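Worksheet for the structure shown next.
The values are calculated or read from the model by the stated rules, or taken from the named source; none is laboratory data. Nothing here was measured: the structure is a model prediction, and the numbers come from that model. Neighbour counts run over all protein chains shown; Cβ positions are idealised from the backbone, glycine included. These area figures cover heavy atoms from the full protein model, side chains too; ligands, DNA and RNA do not enter into them. Shrake-Rupley method; radii C 1.70, N 1.55, O 1.52, S 1.80 Å.
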Amino acid sequence: MKILVLGQGAREHAIIKSLIATGTPADQIVAAPGNAGISGDVRVVESLNPNSPEAVTEFAKAEAIELVIIGPEAPLVAGVSDALREAKIAVFGPSKAAAALEGSKSFAKEVMAAADVPTGMARECSTLEEVESAMAAFGAPYVIKADGLAAGKGVIVTDDRDAALEHAAKFIDMGILVEEFLDGQEVSLFFLSDGKTVLPLTPAQDFKRAYDGDAGPNTGGMGAYSPLPWLPEGFIEEVEATVALPTVHELARLGADFVGLLYCGLIITKRGIRVIEFNARFGDPETQVVLRRLVTPLANLLHKAATGHLDSAPQPEFTKDVAITVVLASEGYPDTAAPNRPITGLAEAEKLDGISIAHAATKKDGEQLLATGGRVLSVVALANDFAAARAQAYEALSKISLEGSHFRSDIAAKVISAENGN
């Protein structure tokens, strides 16, 4: 099966690595536009604009592509999947209408209300006066969300009223949702969907704050781990029954069949499971750990979803090993990013047992590898327990040099502490 993967981040690199690891020959995979790490694994077409429905469709036809996998949200919102489906090309990624589940927080709330999906209370606001009123009603901590795509930076959770209002003012043109604060453990759970049926992958937990101890601003994600040994029994089945299936069925009722990856961002509160957010694609950095543990051939699962035959797909199987990923970020991230700085030591890091590196923002300048953006790469470690996986990940990071870079040193540390009874 010839496959085109759209995107240029660590998520797309992780998808490609998983395709290869679970049986797809590398020469059957093309990526666009890719990055320096992806180009080391498969053929990359830098000139193809992944956000152009016409360009992607014409390329897929010319290359006899049998499955297109859309990684980031931008091509979905641009309608790339719609154009591919019209051309009878199988695509794993929801339509523009269904992708509004991520593209519009208010639409997602409407869908959840209609489908009786448990979530927090929220108010839509179009002025700062409305934001202030909603903040007063819900109280601190304040949860302010941009009602649109903001590259993982549209949400702030803070006790600082001025910081909350400043964030709202930054995104007010998109519209703002002010939500009640929900307290508890967060979980990311992915579901494959063909518009009718869903299949769960394995849960993960990510770390959104920039610095250790969940300090600093929200980011696109600084690390993740899987599995989650503290999850209550029956968690996946409950989320499937009360969140994933009702959401997919409501979208179908609206004429927006959801074919692709439904990302359920969840929190376990004292009152039960609640949805924090939906995404319409694989999450980053959770994909790096979820797919690292996948044993079942990924290409077959995604093709079954894309072609409406998920009911005949096998239940996804995952290794019992632990996967941990730690994101290396450039100086200034998430506010700014120091571009085009040399990065070294990756070959030495990847020689370590259980280590894989997913590139996010890298390019080649001759023989020199350069970091080009905020989140530069994800170091992924696979081992038989959390202590070994953490040790491997941080040993690998110690071999990588990038001026001014930073990473969190506490990814999955609390799991080990809990296992030790602390």
Could you name the aspartates and glutamates whose alpha carbon sits less than 19 Å from that of Lys399, not counting residues in the same chain fewer than 8 places away?
Glu331, Glu348, Glu350, Asp353, Glu367, Asp410
Using the Cα atoms of the stretch 214-304 to build a convex hull, what is its mean projected area in square nanometres?
7.9
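Express the accessible area of the stretch 232-275 per residue in Å², computed with a 1.4 Å probe while the remaining protein chains stay in the model. Don't skip to the answer; put the middle values down first.
Working: 1910 Å² over 44 residues.
On a per-residue basis, the stretch 232-275 sits at 44 Å².
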Rounded to the nearest whole Å², what accessible area per residue is found for the stretch 352-402 with the 1.4 Å probe?
39
Nearby lysines by direct alpha-carbon distance to Lys320 (threshold 20 angstrom, same-chain neighbours under 8 apart not counted):
Lys17, Lys414
With every protein chain in place, what's the accessible area of Arg293 (1.4 Å probe, Å², nearest 10)?
10
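Using only C-alpha positions, report the orientation-averaged shadow area of the convex hull of the chain, nm², one decimal.
Numbers: hull surface 77.2 nm².
The orientation-averaged projected area of the Cα hull of the chain comes to 19.3 nm².
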Could you check the simple spin-label distance between Glu367 and Ala413, using points 7 Å along Cα→Cβ, in nm with one decimal?
3.9
Those GluC sites (Glu not before Pro) from the stretch 341-374 that are DSSP loop and have at most 14 other Cβ neighbours within 10 Å turn out to be Glu367
Taking only C-alpha positions in the stretch 319-422, Rg and Dmax in angstrom work out to 14.4, 51
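Among the trypsin sites (Lys or Arg not before Pro) in the stretch 81-120, which ones are in a DSSP loop with at most 12 other Cβ atoms within 10 Å of the Cβ? Mind listing them? Numbers along the way, then the final one.
Values: sites: Arg85, Lys88, Lys96, Lys105, Lys109; in loops: Lys88.
Within the stretch 81-120, the qualifying trypsin sites (Lys or Arg not before Pro) (loop, at most 12 other Cβ atoms within 10 Å) are Lys88.
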Solvent-accessible area, 1.4 Å probe, carbon plus sulfur percent, for the chain
49
